[in-house]
1. Does residue 447 satisfy the condition of being crowded, with 23+ Cβ neighbours inside 10 Å and within 23 Å of the chain's Cα centre (by Cα)?
2. Take the residues of the range 346-367 that are closer than 23 Å to residue 290 by Cβ and surrounded by fewer than 22 Cβ atoms within 10 Å (Cβ to Cβ): which is modelled with the lowest pLDDT?
3. Return yes or no: is residue 492 within 21 Å of residue 412 (Cα to Cα), touching a strand residue (DSSP E or B) at 6+ places or on another chain (Cβ under 9 Å), crowded, with 20+ Cβ neighbours inside 10 Å and modelled with pLDDT of 95 or more?
4. Residue 279 is checked against (1) touching a residue at least 40 places away in the same chain (Cβ under 8 Å); (2) over 22 Å from residue 149 (Cβ atoms) and fails just one. What number does that condition carry?
5. Regarding the range 297-311, can at least one residue be identified that is assigned to a loop (DSSP other than H, G, I, E, B), touching a helix residue (DSSP H, G or I) at 6+ places or on another chain (Cβ under 7 Å), in contact (Cβ under 8 Å) with a residue 24 or more places away in the chain and under 25 Å from residue 399 (Cβ atoms)?
6. Sort out which residues of the range 598-621 are surrounded by fewer than 21 Cβ atoms within 10 Å (Cβ to Cβ) and under 18 Å from the mean Cα position of the chain (by Cα), and write them in order of number.
7. Please enumerate the residues belonging to the range 447-460 that are in contact (Cβ under 8 Å) with a residue 12 or more places away in the chain, over 22 Å from residue 548 (Cβ atoms) and not in a loop (DSSP other than H, G, I, E, B).
């Protein structure tokens, strides 16, 4: 059955697009950008209170408001999870518990007893991740002697030597450098209470195989050295680390626009003697206010913000919904995006020193770290708008993108050839992704953008297409690095391959279509639980969501499908739309670190359905 045979569905889809478009237009800032909440888990709020306790600036009002939010996220069993509906997380529960103790919650209160009981049963503080134990060491609740060592002398390793700071992904290196300072100086600022009720009595497990054994032995050596370092070398290393941190503070006071390096950098500099009145510290603390949300539910901190990403996705959605290239909202947005172009060098240039700068970053102010994903989407968004002054930024962005290809032909988010897995073997690195290798979703977005620029026949795009085809999973899907998960990867890869000239009838496309159809839910939508990153049984399985249903539809429509599966997906979107034109989506469908850290982009539930429904309607005319 084709879409032309279901006029009722076409009309309903058109009405849904109109309502969603109007809602989206109403969210645009006067300056032209869009930015919706970027929701994560309560570690952001717990660590913000711990930062303020460490610096001596924690206020009663902020503590009470943050505690109200943290309590609201606790489940009936006393635990906290890293995403909506997810399993209990030990480290997140420990950090939330400590924050509530700072807020004055008594240890014998029911919610605190349940949390502490879970922590003990799950292994206690001893079973938590290294970063949680670092926080506890800062307050005398864990011994610095029992933490892995990362010496500041790492700053002297040249970029060609393994384990230099540029071997880590940008988010990891920004975090590790200040932690080398804290781990070297070992500050302790006592809490007004002890956490004996959270101890399990065991010891952290150590990897006794392969590289784990090697690095554990090296860690023991570094502990000895740390007690008797070569003083001039240690002093110089601390100075270089501090200079490196200060050079990377962004205009708004942040570091990389993300929470972990931000809080560790503030503490590291403070321990080195930078007081609260120092301009660097003042800018850093003031910048946190932009990331703070206060409402009737309490006070919470965004781990990062996504104005460039949100804006270019909104522009594409509006264009897909039929907005003319000279629509006032698109013109305002495009002018703002052009002003956000990154024209300076960043850490990416260490590996690509001959590539001229260009492109866009994720946030208002993280210009040291532009990324290929935002840049690809920005190119595609600006091409949908009648703005002549966008031509030069697009040209520079295309040049930068092509220069950021990794040796294997794929594209990573922030760096090229950031693939040295030795970093992942260190005992210190037990949480999240610490390198930035090419991924299917990012490579797909770059391929799609460059192909639409008429570059499908260039060597760069051809090699990236080959990379994508090789990256297809045996079941026909693609892994999603930055979105959940195989639905996102497949929803990105299929439109890119079609744009690059792969015919819909080719086996790779047919296998992807078959995978999507096999994983459609009985209600017509698509969903994939974030547990799929850890448990293959969850791949392609989960409660239907608006964003994931839209991703599946975008792939099917790009492949030329006008099938019952497409119609069922469109019906699900129409049926589940809210009266205000948007969709509910409690589920987290964004990915920070697969297996560890996830994101609920509040705009995903709106922009992707608009694009999917708009493209469906375009195919129906």
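The values are calculated or read from the model by the stated rules, or taken from the named source; none is laboratory data. Predicted, not measured: the structure shown is a model, and the values here were computed from it. Neighbour counts run over all protein chains shown; Cβ positions are idealised from the backbone, glycine included.
1. yes
2. Among residues in the range 346-367 that are closer than 23 Å to residue 290 by Cβ and surrounded by fewer than 22 Cβ atoms within 10 Å (Cβ to Cβ), the one modelled with the lowest pLDDT is 365.
3. So residue 492 fits the description; yes.
4. Answer for residue 279: the failing condition is (1).
5. no
6. 602
7. 449, 450, 451, 452, 460
Condition check ((1) surrounded by 17 or more Cβ atoms within 10 Å (Cβ to Cβ); (2) touching a strand residue (DSSP E or B) at 6+ places or on another chain (Cβ under 9 Å); (3) farther than 26 Å from residue 25 by Cα) across all residues:
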site	(1), (2), (3)
237	yes, no, yes
268	yes, no, yes
278	no, no, yes
290	no, no, no
298	yes, no, yes
301	yes, yes, no
